[in-house]
Amino acid sequence: MLYIKKHPETANGANQHDSLRQNGEASPRFTKETADRTGRAERNIQRDAERGEKVCPEALDLIRGTDLDKGTYLDNRTVRYP
């Protein structure tokens, strides 16, 4: 993810206190910065990011362009594997 490359201290599990000592201010969360720039709610950005992390590329290729290619559908379904 490009944002993590620019702000590695914001990565999940990163020690964010080190960045505060280095430059005196915290980097904004990806979701907060994106929400501010797009005018969307931060929670919506968080859901979009979570979807992107959970769906494998092969599944995305299969559903792209179908009714299944909607975030609300993905949020309300639990995938069960045999």
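Values in this text are rule-based calculations from the coordinates and carry no lab data. Keep in mind that this is a model prediction, so the values were computed, not measured. Heads up, the Cβs are rebuilt from the backbone with ideal geometry, glycines too, and the neighbour counts pull from every protein chain shown.
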Task: In nm, spacing of pseudo-spin labels at LEU60 and ALA11 (7 Å Cα→C-beta vector) - done: 1.9
Open item on the list: Just to confirm a number: summing +1 for Lys and Arg and -1 for Asp and Glu over residues other than GLU33 whose beta-carbon lies under 13 angstrom from that of GLU33, what do you get?
Closed with: +3
Task: J(HN,Hα) series, segment 53-62, from Karplus relation 6.51 cos²θ - 1.76 cosθ + 1.60, nearest Hz, glycine and proline x - done: 7, 8, 9, 6, x, 5, 5, 4, 4, 6
